[in-house]
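S.K.: Got a structure for you, questions after.
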Amino acid sequence: MKILTLIMAILLSVTEELTANDQLLINAYNRSSQSLDGQWNYIIDPYENGYYNYRYEPFEKQKYPGRGAFFLNSKSNNKSDLIEYDFDKSETISVPGDWNTQKKELLYYEGTVWYKKSFDYIKSNKTNRVFVYFGASNYETDVYLNGVKLGNHVGGFTPFNYDITDLITDEGNFLIVKVDNKRKKEGVPTLNTDWWNYGGLTRSVKIIETNEIFIRDYIIQLDSENPEKIKGYVKLSGESIYHNPIKITIPELGVDEKVITNKDGVASIDIVSDNIRYWSVKDPHLYKVKIHIQEDEVVDYIGFRIIKTEGKFILLNGEQVFLKGISIHEESPIRQGRAHSKDDALQLLTWAKELGCNFVRLAHYPHNEHMIRLADQLGILVWEEIPVYWTIDWENESTYENAEHQLSTVIHRDKNRASVIIWSMANETPTSKARNSFLNRLAVKAKQLDSTRLISAALEQSSQGGDGNIRTITDPFADVVDVLSFNEYLGWYDGLPEKCRDISWIIKQDKPVIISEFGGGAKYGLHGDKSERWTEEYQEFLYEENLKMISKIDQLQGISPWILIDFKSPRRPLPEIQDGWNRKGLISEDGHKKKAFYVLKEYYESK
Ligand code: GCB
């Protein structure tokens, strides 16, 4: 037992750092895999007793961790043994899924929960590699396989994976995951948000097997300067990645290309074709693309399109497009918890379509991949965002690195998705020198990783004039973004709906403008006069007035009002009205459409 513990402790330190973003497998979505979804045993550990010893030192840093360390999955060998936990006798919980809505006692819980899944795994080929892939886990996650630490991941909405080739065995593997959703000042997001801090393994977990040499990454997309050219690269990882032939086929286009990797395992792609069917809102055509190396093959479904801005216009394949949008939180109206399944995504996007949308703003963090894949199929343009929200710790370098890592990861995951047109850096962040430089750095990074999409951020507007009725954008980040977006709450936090009539807009930037939020609360089924707050009539009136007002903005190229569905928020306690829900949805949390839904639908039909 002691020798085993020692080996474990050594391995711990070796594997701890292997969490960098460039280790993430591209297109995990379509790779052959074994799902680990289902029931996992769990232990609630508010004091983190399974992580720290009684001197509050992490067990994993000890030479002899001791059998109290939960990641060892210790068992009593005889009746006199002292072990104060037992995963196999502990209750189970569903993965994927937030813990708050699955267990009554965890509704308000913010802390550590340990998960354990036992499984067998037979490799299809002895030399193959094996990875464990997590769609997301909120917020900080420590992962151990068979008693060995795989790594630590920070950020509640981005995927991560670990190479477990050398650790996995045919039988009796145990994967132990410590998930901690405590909010932190220096976190991204920070302490304060207007949404529920759902904890847990909120997205799928799976085992992915690849050939020894495997496809780590690729971009395959239309050249933004030449609509008859598909370009990009494929990157391999593994032992000998130099001078490897890669085959790329797009059967429907008659493409069958061979490229050869350079010494870094990278091969460039350059395909010319004059009969590409462009992906668009009306015709969201996806091509089946196969990338093949020796025994590894990855299949993807990719749409080819160009997104650009020109003066005040947004151009999709050279044609002006007005973004008829809606903001969406990742919550399931059926289960009333964190959304994670394909059905959840279909439900949300079907409602968006019914509203007449061609655009969704996925607020305020990267949503699960089903959303993006379905948006690709349904022809819905997507704004993706990272949770740089309100009052982030701007001066803190590790906060910046965390935000940048989340941004890089979502760009990595979704860079081959035609539907994604905008990367958003932040939401309603107060300007200051430190904040401006934080956002500027993020913008530079986003452009460096992906120069083919547009960048934006949901900014705030400012008031001018004696009565404050002239509205303008003074935020210096407006000069950095490709699309100038801002939130406004006229008729809700900012006067009554009639106030919209007195407002004039002076927006000097020659850029497309999106109103990334406007809206107001209404409780479904509550009726009254349009001046009575919380009634459906008030919300309906607020939409009517806002839609009239914003039509005066010359550069207006889209809107994504707040929000499709009522969502859970700790900031909304008002009894009988809110009861813990932000009521600005156009649809109630149990799926009923409010009157304002039809006002927006009519507006979109007229556009
Ligand atoms: C906002 C925030 C959003 C809130 C919303 C509200 O400006 O961006 O996250 O939920 O206002 O309802 O107050």
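Here is a yes/no grid of residues against (1) within 22 Å of Val205 (Cα to Cα); (2) in contact with a Cys (Cβ under 7 Å, 6 or more places away or on another chain); (3) of a type outside the set (Lys, Arg); (4) not assigned by TED's automatic domain parsing to the domain that holds Leu564:
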{"residue": "Gly303", "(1), (2), (3), (4)": "no, no, yes, yes"}
{"residue": "Lys324", "(1), (2), (3), (4)": "no, yes, no, no"}
{"residue": "Gln336", "(1), (2), (3), (4)": "yes, no, yes, no"}
{"residue": "Leu349", "(1), (2), (3), (4)": "no, no, yes, no"}
{"residue": "Arg373", "(1), (2), (3), (4)": "yes, no, no, no"}
{"residue": "Glu397", "(1), (2), (3), (4)": "no, no, yes, no"}
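S.K.: Kindly check whether there is at least one residue in the range 506-526 that is within 16 Å of the ligand (Cβ to nearest atom) and within 16 Å of Lys312 (Cβ to Cβ).
M.R.: Scanning the range 506-526 turns up at least one residue that is within 16 Å of the ligand (Cβ to nearest atom) and within 16 Å of Lys312 (Cβ to Cβ).
S.K.: What tally of residues in the range 578-599 results from selecting those that are in a strand (DSSP E or B) and either more than 14 Å from the ligand (Cβ to nearest atom) or among the hydroxyl-bearing types (Ser, Thr, Tyr) (or both)? Break it down into steps so the answer makes sense when it comes.
M.R.: Just the residues of the range 578-599 that are in a strand (DSSP E or B), to begin with: 581-582, 587, 593.
Now restrict to residues that are either more than 14 Å from the ligand (Cβ to nearest atom) or among the hydroxyl-bearing types (Ser, Thr, Tyr) (or both): 587, 593.
Total meeting the criteria: 2.
S.K.: Can you name the number of the only condition in (1) over 23 Å from the mean Cα position of the chain (by Cα); (2) away from the ligand (no atom under 16 Å from the Cβ) that Leu454 fails?
M.R.: (1)
Let's see how each residue does on (1) assigned by TED's automatic domain parsing to the domain that holds Glu589; (2) farther than 30 Å from Tyr108 by Cα; (3) among the basic types (Lys, Arg):
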| site | (1), (2), (3) |
| --- | --- |
| Gly465 | yes, yes, no |
| Ile470 | yes, yes, no |
| Pro476 | yes, yes, no |
| Arg533 | yes, no, yes |
| Tyr538 | yes, yes, no |
| Pro573 | yes, no, no |
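Listed here are the residues, each with its yes/no results for (1) outside any strand (DSSP E or B); (2) closer than 30 Å to Lys184 by Cα.
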site: Ser76; (1), (2): yes, no
site: Ile93; (1), (2): no, yes
site: Asn100; (1), (2): yes, yes
site: Tyr115; (1), (2): no, yes
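S.K.: I'd like to know if the range 482-494 contains one or more residues that are away from the ligand (no atom under 16 Å from the Cβ), in the same structural domain as Phe322 (by TED's automatic domain parsing), in a strand (DSSP E or B) and at negative phi. Before you say what the answer is, go through the steps one by one.
M.R.: Here is the first cut: in the range 482-494, the ones away from the ligand (no atom under 16 Å from the Cβ) are 482-484.
Pick out the ones that are also in the same structural domain as Phe322 (by TED's automatic domain parsing) and you get 482-484.
Now narrow it down to the ones that are in a strand (DSSP E or B): 484.
Then keep just the ones that are at negative phi; that gives 484.
Scanning the range 482-494, I find at least one residue that is away from the ligand (no atom under 16 Å from the Cβ), in the same structural domain as Phe322 (by TED's automatic domain parsing), in a strand (DSSP E or B) and at negative phi, so the answer is yes.
S.K.: Being away from the ligand (no atom under 16 Å from the Cβ), at pLDDT 95 or above and farther than 15 Å from Ser327 by Cα narrows it down to one residue among Arg435, Arg373; which is it?
M.R.: On the way: Arg435 fails: away from the ligand (no atom under 16 Å from the Cβ).
Exactly one of Arg435, Arg373 is away from the ligand (no atom under 16 Å from the Cβ), at pLDDT 95 or above and farther than 15 Å from Ser327 by Cα, namely Arg373.
S.K.: Looking for something among the small types (Gly, Ala, Ser) and closer than 22 Å to Ala457 by Cα - is there at least one such residue anywhere in the range 533-552? Let's see the steps before the verdict.
M.R.: Within the range 533-552, the first condition is being among the small types (Gly, Ala, Ser), and the residues that meet it are 551.
With closer than 22 Å to Ala457 by Cα added as a condition, the list becomes 551.
Yes, that holds for at least one residue.
S.K.: Among the residues of the range 338-370, write down those that are away from the ligand (no atom under 16 Å from the Cβ), under 15 Å from the mean Cα position of the chain (by Cα) and more than 27 Å from Asp37 (Cα to Cα).
M.R.: Hits for the range 338-370: nothing passes.
S.K.: Looking at the range 201-210, can you tell me whether even one residue there is in contact with a His (Cβ under 6 Å, 6 or more places away or on another chain), modelled with pLDDT of 95 or more, in a strand (DSSP E or B) and not basic (Lys, Arg)?
M.R.: Taking every residue of the range 201-210 in turn, none turns out to be in contact with a His (Cβ under 6 Å, 6 or more places away or on another chain), modelled with pLDDT of 95 or more, in a strand (DSSP E or B) and not basic (Lys, Arg).
S.K.: Let me ask something else about it. Cβ-Cβ distance below 6 Å, separation of 6 or more or different chains: which pairs start in the range 511-531 with a residue that is touching a residue at least 12 places away in the same chain (Cβ under 8 Å) and of a type in the set (Ser, Thr, Tyr) and end on one that is within 16 Å of the ligand (Cβ to nearest atom) and not in a strand (DSSP E or B)?
M.R.: Ser516/Ser560; Tyr524/Ser588; Tyr524/Lys594
S.K.: For the range 85-113, which residues satisfy the criterion of being in contact with a Lys or Arg (Cβ under 9 Å, 6 or more places away or on another chain), more than 14 Å from Trp40 (Cβ to Cβ) and without any contact (Cβ under 8 Å) to a residue 60 or more places away in the chain?
M.R.: Hit for the range 85-113 is Asp86, nothing else.
S.K.: Is it the case that the range 462-474 has a residue that's part of a loop (DSSP other than H, G, I, E, B), within 16 Å of the ligand (Cβ to nearest atom), of a type outside the set (Asp, Glu) and touching a strand residue (DSSP E or B) at 6+ places or on another chain (Cβ under 9 Å)?
M.R.: Residues of the range 462-474 part of a loop (DSSP other than H, G, I, E, B): 465-469, 473-474.
With the extra rule that they be within 16 Å of the ligand (Cβ to nearest atom), the set shrinks to 473.
After this cut, where a residue has to be of a type outside the set (Asp, Glu) as well, the list is 473.
Then keep just the ones that are touching a strand residue (DSSP E or B) at 6+ places or on another chain (Cβ under 9 Å); that gives 473.
Yes, the range 462-474 contains at least one residue that is part of a loop (DSSP other than H, G, I, E, B), within 16 Å of the ligand (Cβ to nearest atom), of a type outside the set (Asp, Glu) and touching a strand residue (DSSP E or B) at 6+ places or on another chain (Cβ under 9 Å).
S.K.: May I pose another question? Any chance the range 15-27 includes a residue that's modelled with pLDDT under 50 and outside any loop (DSSP other than H, G, I, E, B)?
M.R.: Of the range 15-27, the ones modelled with pLDDT under 50 are 15-20.
Filter once more, so that each one left must be outside any loop (DSSP other than H, G, I, E, B): 15.
Yes, the range 15-27 contains at least one residue that is modelled with pLDDT under 50 and outside any loop (DSSP other than H, G, I, E, B).
S.K.: Looking at the structure I just gave you, is Trp534 within 26 Å of Gly580 (Cβ to Cβ) and either within 16 Å of the ligand (Cβ to nearest atom) or hydrophobic (A, V, I, L, M, F, W, C) (or both)? Step through it out loud before you land on a result.
M.R.: Working: within 26 Å of Gly580 (Cβ to Cβ): yes; either within 16 Å of the ligand (Cβ to nearest atom) or hydrophobic (A, V, I, L, M, F, W, C) (or both): yes.
Yes.
S.K.: Of the residues Pro575, Pro561, Pro570, only one is within 16 Å of the ligand (Cβ to nearest atom) and surrounded by fewer than 17 Cβ atoms within 10 Å (Cβ to Cβ); which?
M.R.: Numbers: Pro575 fails: within 16 Å of the ligand (Cβ to nearest atom); Pro561 fails: surrounded by fewer than 17 Cβ atoms within 10 Å (Cβ to Cβ).
Among Pro575, Pro561, Pro570, only Pro570 is within 16 Å of the ligand (Cβ to nearest atom) and surrounded by fewer than 17 Cβ atoms within 10 Å (Cβ to Cβ).
S.K.: Out of the residues in the range 243-265 meeting the condition of being out of contact with any Leu (no Cβ under 9 Å at 6 or more places or on another chain) and buried (at least 17 other Cβ atoms within 10 Å of the Cβ), tell me which one is farthest from Gly303 (Cα to Cα).
M.R.: Out of the qualifying residues, it is Val259.
S.K.: Any idea how many residues of the range 593-607 are surrounded by fewer than 14 Cβ atoms within 10 Å (Cβ to Cβ) and in contact (Cβ under 8 Å) with a residue 60 or more places away in the chain?
M.R.: Going through the range 593-607 one residue at a time, the tally reaches 2.
S.K.: Among the numbered conditions (1) out of contact with any Lys or Arg (no Cβ under 7 Å at 6 or more places or on another chain); (2) part of a loop (DSSP other than H, G, I, E, B); (3) modelled with pLDDT of 95 or more, tell me where Ile43 comes up short.
M.R.: With (1) out of contact with any Lys or Arg (no Cβ under 7 Å at 6 or more places or on another chain); (2) part of a loop (DSSP other than H, G, I, E, B); (3) modelled with pLDDT of 95 or more applied to Ile43, the lone miss is (2).
S.K.: Only residues in the range 348-377 that are more than 17 Å from Lys282 (Cβ to Cβ) count as the first member; pair them with residues that are of a type in the set (S, T, N, Q) and within 16 Å of the ligand (Cβ to nearest atom), Cβ under 7 angstrom, at least 6 apart or cross-chain, and list the lot.
M.R.: Arg361/Ser327; Arg361/Ser516; Arg361/Ser560; Ala363/Ser327; His364/Asn427
S.K.: Right, next: Restricting attention to the range 219-251, which residues are of a type in the set (Ser, Thr, Tyr) and outside any loop (DSSP other than H, G, I, E, B)? If you could, list the steps in order and put the result at the bottom.
M.R.: Of all residues in the range 219-251, those of a type in the set (Ser, Thr, Tyr) come to 224, 233, 237, 240, 242, 249.
Once the filter is applied, which keeps residues that are of a type in the set (Ser, Thr, Tyr) and outside any loop (DSSP other than H, G, I, E, B), the range 219-251 yields Tyr233, Ser237, Thr249.
The values are calculated or read from the model by the stated rules, or taken from the named source; none is laboratory data. Only a predicted model underlies this, so the values are computations on that prediction, with no experimental measurement involved. Here Cβ is always computed from backbone atoms with ideal geometry, including for glycine, and neighbour counts include all displayed protein chains.
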